[in-house]
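Below: one structure, written as structure tokens.
The values are calculated or read from the model by the stated rules, or taken from the named source; none is laboratory data. Values in this document were obtained by computation on a predicted structure and should not be read as measured data. When we count neighbours, we look across all protein chains shown, and the Cβ atoms used for this are built from the backbone with ideal geometry, even at glycine.
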Amino acid sequence: MKSLPYVIALVVVVLLVFVPWVASDVMMQFAIDALLLAVLAQAWNILGGFTGYVSFGNSVFYGLGTYGTAIAMAQYQLPFWVGLVLGVILAVVCALLIGFPILRLRGPYFAIATLGLSAAMGAIVSNMPIAGSNIGLVLPLVRADTMFYELSLGLLVVCTLTVAWISRSRFGMGLVAIREDEDAAGTMGVNTTTFKITALVLSAFFTALAGGIHAYWISFIDPASAFDPTLNVRMVIMAVFGGPGTVFGPLVGSFILSTIYEYLASSISTAAALLFGLVIVLAVIFMPRGLANMVGGVRAHGPRFFLQNIRENRL
Amino acid sequence: MNAAADTAGGTPILRAESVTKRFSGLVSVDQVSFEMRKNEILGLIGPNGAGKTTLVNMISGTLRPNEGALYFEGQPIDALAPYKRAHLGICRTFQVMKPFPGMSVLENVTVGALFGRDGGETAMAKARESARDWLDFTGLSHRIDARADSLGGPDRKRLEFAKALAMGPKLLLLDEVMAGLNSVEVEEVIELIKKMRERGVTILVIEHVIKAIRSLSDRVLVLHHGQKIAEGDPAAVLEDPQVVEAYLGRRRH
């Protein structure tokens, strides 16, 4: 019975594999974007959903993945996969370096520190000649939307399988224990430092890969787009909307929000900008555990439910 | 019986050597030394603010002593992080219960089984099974799927016990587990603690319920203003004029 979502997911993935043969160019643009955003939301979920560390610094890893790929391909004419590896190495090293000091902070302090970090990283990169300073880098142009699509889909599947494994493993139990009460987790034998850093590194790994694929696909990057803080806000909202700390919540959340956003952007573009703000307010008030609240049959309204949600979100 | 335990004990399971903890001027624990023998129940009593919980915090690792040293099975433990002490088999409950609120009762206990002594059980299925066993043992198996934060007082205590036991402790530190329970529930908890001891666990009990201390403890240690003022046989210690004075104040003439 518990395997039902996995069966559905398998069918959906098999169907998605064949999308490039039927979709229009515009559809493909949207699909690749949506898949990569879903990867970002799912990667964020490892740290924010399971471990309870709300990160606004994942765009740092995204930017490093982007720049790793761009520098390798534009400056050294190396193949795409070398660029991906370089981006991942940069992001993972960065996660290890910042993880030790920054994961000692908790709650809002952690969120603020990560926010500062992504701003700082953007400033650093825009002063590095090897990264094209603040002008950016142009990557070799390819028309291979099918490849980018299948790569993104593959990455999303691997990322989701990782999260599925986490959700039923000892490692995942440790992460959730940290989320629920870090001090108690420590006295019960969870090596909190190692667990948190591993979660951060995993999150950085998938985020950087998504950045690398996006860079080659878009073929032009600059600091403003690579270290875009609103991208990070979108990851958070998509994961929180879908259900943080669940396997499929962030996927469902990101697909739904991507679709609505795309629709609004093409019809009323000012409303699109409002969307994510509205979603976060409504999600926090009415469904603190995301869409999982609705599916799980937890239906309650009125002031008591409202207050309970506010407590659970620690507002 | 005490004399026999003294000679047969070998290395004490826990030894504190003039342990001191200061909080910017306030001396919470002042040069306290004591030993615990394997499989004994030591009652730790004293008025509020005597430093009992601070002492437990230093043993479990959330605080470090300013002076003195703690030895577990002969090894110094002061430099070890709390999780490493849990791996050694030191395990505690909290005065303010700390269940993982968003997890089910079973998951709470499974965490104990997964991460306890020697790093815990690595296989999820086995850990879950042992968690079920401990929930049976503590009489909480009927609430196995409930969310931990939906439990009432006595069930929370049971959960706290089950979590601690699932860790496979050698030394269990119980910080006021009977506070807020009625006398029937206190009896149940006393029985539970006795059952744990039968399984070979060494237990430190902090308690204000003197009846429980009297019926459980092999020895009693009394703290007052951070200092050890008495130690030994429960009946004798509870009659000690210094102890009576600490609890009730000086008798007027």
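See the values below:
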| quantity | calculated |
| --- | --- |
| Test: B:THR20 is away from chain A (no Cβ under 13 Å) and in contact (Cβ under 8 Å) with a residue 40 or more places away in the chain | yes |
| Selected residue (only one of B:LEU181, B:LEU172 is more than 11 Å from every other protein chain (Cβ to nearest Cβ) and in contact with a Cys (Cβ under 6 Å, 6 or more places away or on another chain)) | B:LEU172 |
| Test: residue in segment A:187-195 that is on the phi > 0 side of the Ramachandran plot and within 13 Å of chain B (Cβ to nearest Cβ) | yes |
| Test set (1) more than 17 Å from B:TYR247 (Cβ to Cβ); (2) in contact (Cβ under 8 Å) with a residue 60 or more places away in the chain; (3) part of a strand (DSSP E or B); (4) not basic (Lys, Arg) - B:GLU35 fails condition number | (2) |
| Only one of B:ASP78, B:ASP30 that is modelled with pLDDT of 90 or more, in a loop (DSSP other than H, G, I, E, B), in contact with a strand residue (DSSP E or B) (Cβ under 6 Å, 6 or more places away or on another chain) and more than 14 Å from chain A (Cβ to nearest Cβ) | B:ASP78 |
| Condition check for B:ILE90: surrounded by 22 or more Cβ atoms within 10 Å (Cβ to Cβ) and either of a type in the set (Asp, Glu) or under 20 Å from the mean Cα position of the chain (by Cα) (or both) | yes |
| Residue under evaluation B:THR20, criteria (1) farther than 30 Å from B:LEU140 by Cα; (2) out of contact with any Pro (no Cβ under 7 Å at 6 or more places or on another chain); (3) among the polar types (S, T, N, Q), criterion not met | (2) |
| Subset of segment B:169-221 (residues that are among the hydroxyl-bearing types (Ser, Thr, Tyr) and assigned to a strand (DSSP E or B)) | B:THR202 |
| Looking only at segment A:167-177, and only at residues there that are of a type in the set (A, V, I, L, M) and buried (at least 24 other Cβ atoms within 10 Å of the Cβ), the one that is farthest from the other protein chains (Cβ to nearest Cβ) | A:LEU175 |
| Residue ID - farthest from the other protein chains (Cβ to nearest Cβ), chosen from residues in segment B:99-118 that are surrounded by fewer than 24 Cβ atoms within 10 Å (Cβ to Cβ) and assigned to a helix (DSSP H, G or I) | B:LEU106 |
| Residue within segment B:160-168 that is within 11 Å of chain A (Cβ to nearest Cβ), within 23 Å of B:LEU42 (Cβ to Cβ), over 14 Å from the mean Cα position of the chain (by Cα) and not in a loop (DSSP other than H, G, I, E, B) present | yes |
| Test: residue in segment A:241-263 that is within 14 Å of chain B (Cβ to nearest Cβ), part of a helix (DSSP H, G or I) and without any contact (Cβ under 8 Å) to a residue 24 or more places away in the chain | no |
